[in-house]
């Protein structure tokens, strides 16, 4: 097996303010995430996405075998939710370095670990969902910036 050097990935410092009702009374509620770029420049991220792609294809084959339309829709919906959770798990595992937040969970500040990060993806608060989607986009945008820089370097 080859042991090649890997590129330094750009760091992302992401912050979003969240609705006040999620945080401590009288304070600005926020989520901050320090991360690496995702996308094609991050081989570990790419490998996880390839696994997810395979899982999605297997799920679709199972959906196609279900004769009852209601069962088919339910299975597909549950599978999509599961794939989304696994996608954020891939982002967490390969991109997130550290995250901080003052969201209140059961009368105490949220513990900033993988389990709670993924649990936030399932919370039905539009501003939180948008913040996490924006974070995902930021990891991909950082990768595109690296690709543009590489293309410019090669061109010169």
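Throughout, read-outs are computed from the coordinates displayed, never taken from laboratory work. All values reported here derive from a predicted model rather than from experimental measurement. As a convention, Cβ positions derive from the backbone with ideal geometry for all residues, glycine included, and neighbour counts pool all protein chains shown.
Order of 9, 85 from fewest to most other C-beta atoms within 10 Å?
By the 10 Å Cβ count, ascending, the order reads 85, 9.
For residue 105 and residue 40, FRET efficiency with R0 = 35 Å and r from the beta-carbon atoms, rounded to 0.05?
That gives a FRET efficiency of 0.50.
Tell me whether the stretch 11-155 comes out rounded, prolate or oblate; compute the Cα gyration tensor, take square roots of the eigenvalues as a ≥ b ≥ c, and use a/c under 1.5 as the rounded threshold.
oblate
How do 12, 81 rank when sorted from fewest to most other Cβ atoms within 10 Å of their own Cβ?
Lowest to highest Cβ neighbour count: 81, 12.
Between 127, 76, 27, which gets the highest mean-square fluctuation from a Gaussian network model of the chain, Cα cutoff 10 Å?
27
For the pair residue 21 and residue 50, what calculated FRET efficiency results from E = 1/(1 + (r/R0)^6), where r is the Cβ-Cβ distance and R0 = 35 Å, to the nearest 0.05?
Computed FRET efficiency for residue 50 and residue 21 comes out at 0.35.
Pick from 55, 16, 114: which residue has the top mean-square fluctuation in a GNM of the chain where Cα pairs under 10 Å get a spring?
55
Give me the extension gain from residue 82 to residue 66: residue separation times 0.36 nm, minus the current Cα-Cα distance, reported in nm with one decimal.
Here the answer is 3.9 nm.
Per DSSP helix of 4 or more residues, -39500 (n - 2.57); summed, then divided by the residues of the chain. What does that give at 222 nm, rounded to the nearest 500?
It comes out at -19000 deg cm²/dmol, rounded to the nearest 500.
Taking the Cβ of each residue in 36, 124, 15 as the centre, tally the other Cβ atoms inside 10 Å and list the residues starting with the fewest.
Lowest count first: 124, 15, 36.
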